[in-house]
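In what follows, a single structure is set out as structure tokens and then discussed.
The values are calculated or read from the model by the stated rules, or taken from the named source; none is laboratory data. Keep in mind it's a predicted model, so treat the numbers as computed, not measured. Ideal geometry is used to build each Cβ from the backbone, glycine not excepted, and the neighbour counts take in all protein chains shown. SASA here: full protein model, heavy atoms, side chains in, ligands and nucleic acids out. Shrake-Rupley method; radii C 1.70, N 1.55, O 1.52, S 1.80 Å.
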Amino acid sequence: MTWDDDPNGEDRRGPRPSGREILLQVAGYVGLVTAVVALVVGAVFAVTAWGVAVKPGGFAAPSASGRGAPLPPVTSSSTGGDAEAGARSESTDDPNALTGSEVAPLVEPEPEAEPEVEVDWLSVVAEATGIPPRALSAYALAHVAIAEEEPTCGLDWTTIAAIGAIESGHGSHGGSVLEASGMVRPTILGPALDGDGVAAIHDTDGGVLDGDVTWDRAVGPMQFIPSTWEQWGADANGDGVADPSQIDDAAHAAARYLCASGPMTTPDGWREAVFSYNHLDSYVDKVARLANGYADAIG
């Protein structure tokens, strides 16, 4: 005997529903399913909108901001050398030897020591990241310099290097070569900013930096336009000239420009600073991925 068999011959399931009742039941089920689906879709949309608001790159962008890297180790070197130092010492042992008087001769002050990135660090990090050593040195020294100038900024060399990679391939764009001196030759120039798919910026430097007397162009390994370089340009290598085509100068200027947006010690602060360099969230995300890749490479 099955569960629906009635010994008295009656069907315990009751009378069969009519076709109209079946259609109403089906419609009810369909309506319920539709409501559930709409609720789920609405929730997904709301969460996605919130996610884009707090992370412009979206949840799919794992590298929403740079994580940072420690200050590179540097050493100090002077332009003199042991022989010159010895000569100075010998000549001043007897202050009267040259003058014949009791008044000590004037001694020229020693040249100010210039920081240099430690060779071992430079070699290891260049190999791990694929960044050319000469370019890496410029990024590292910019990190050291800006940490002293703007100690609350929090900018590090990985972010500067990521921007250098995107803007010019570390000074190699278009077949240009980064020389030992830090100069990039031939000069890397961006397109004329004539308003055709780009911003319209009329010439601001008489063509001195970009060779264009009609429109401005971005110049050098960090791609500064002349008017921006006029404000933020730096003479990082101490040769008396602030040159956007010299990578030490350009990297230091980029660091100053980024830190002008405020502290970069939070994801929002970091993104705001990089966004100021190029007003695209996709650009900021790309810088973050590269910067974090460099940080991962060195552990």
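Our note on the geometry: Cα centres of region 221-283 and region 123-184, 12 Å apart. Accessible surface of TRP157 in the full protein assembly, 1.4 angstrom probe, to the nearest 10 Å²? TRP157 has an accessible surface of roughly 0 Å² with all protein chains in place.
For a Förster distance of 41 Å, can you work out the FRET efficiency between the beta-carbons of ASP239 and SER282, rounded to the nearest 0.05? Plugging the Cβ-Cβ distance into 1/(1 + (r/R0)^6) gives 0.65. With all protein chains in place and ligands, DNA and RNA left out, the 1.4 Å accessible area ranks SER245, SER76 as SER76, SER245, largest first. If you roll a 1.4 Å probe over region 182-236 with all protein chains in place, what percent of the accessible area is carbon or sulfur? C and S atoms contribute 52 percent here.
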